[in-house]
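J.: First the structure, which I've put down as structure tokens, then a few questions once you've had a look.
Values in this text are rule-based calculations from the coordinates and carry no lab data. These numbers come from a predicted model, not from an experiment. Methodologically, a virtual Cβ is constructed for each residue, glycine included, from the backbone with ideal geometry; neighbour enumeration extends over all protein chains shown.
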Amino acid sequence: MTHPAGRIIRHYEKHAIAWAGDRRNSLWNDKVWHDRFVEALAPGESVLDLGCGPGFPVAAHLQAHGLKVTGVDSSPTMISLCRQHLPD
């Protein structure tokens, strides 16, 4: 039997492109929380985004507010999409 973490990573990898498209086109329900987070930080501060996915909407929102974002994700495809959309 495979480890649950491996199954999750394979699932995200298998559906990365579709998931990224759905995420880009869906409502962002937790934006209010992220706005409060942004307000608590000074422009130029660093943020670690664990499970960044394709980099949107969260990392793009943080970067648009002058924060330096480092994204980490277990899916190589998600990281590739993130690098395409947010090369910095």
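J.: Run the helix sum for the chain: -39,500 (n - 2.57) per DSSP H stretch of 4+ residues, divided by residue count, reported at 222 nm to the nearest 500 deg cm²/dmol. Walk me through the intermediate numbers first.
T.: On the way: 5 runs with 47 residues, N = 88.
Taken over the chain, the calculation gives -15500 deg cm²/dmol.
J.: Label A42 and K14 with points 7 Å out from Cα along Cα→Cβ: what is the distance between them in nm?
T.: 4.8
J.: Now for a separate question. Along the charge dipole of segment 4-85, pointing to its positive end and built from +1/-1 on Cβ of Lys, Arg, Asp and Glu, which listed residue (T70, P57, A20) has its Cα farthest out?
T.: A20
J.: Another question, then. HN-Hα J couplings of segment 12-25 from phi, Karplus 6.51/-1.76/1.60, θ = phi - 60°, integer Hz, Gly and Pro as x?
T.: Ordered by residue, 3J(HN,Hα) equals 4, 5, 5, 10, 4, 5, 5, 4, 4, x, 5, 5, 5, 9 Hz.
J.: Continuing with the same structure: Charges only on Cβ, +1 for Lys and Arg, -1 for Asp and Glu: so what's the dipole of segment 1-65 about the Cα centre, in debye to the nearest 20?
T.: Numbers: 7 positive and 7 negative charges, 72 e Å.
It comes to approximately 340 debye.
J.: Right, next: First check a/c for the chain, with a ≥ b ≥ c the square roots of the eigenvalues of its C-alpha gyration tensor; if it is under 1.5, answer rounded, and if not, answer prolate when a/b is larger than b/c or oblate otherwise. Intermediate results must be reported in sequence, preceding the final value.
T.: Details: a/c = 1.95, a/b = 1.82, b/c = 1.07.
Prolate, since a/c reaches 1.5 and a/b exceeds b/c.
J.: Give the long-range amide H neighbours of G71: residues separated by 5 or more places, or on another chain, with amide H under 5 Å away, using H modelled in the peptide plane at 1.01 Å from N.
T.: Under 5 Å from the amide H of G71 lie the amide H atoms of D49, each far enough along the sequence or on another chain.
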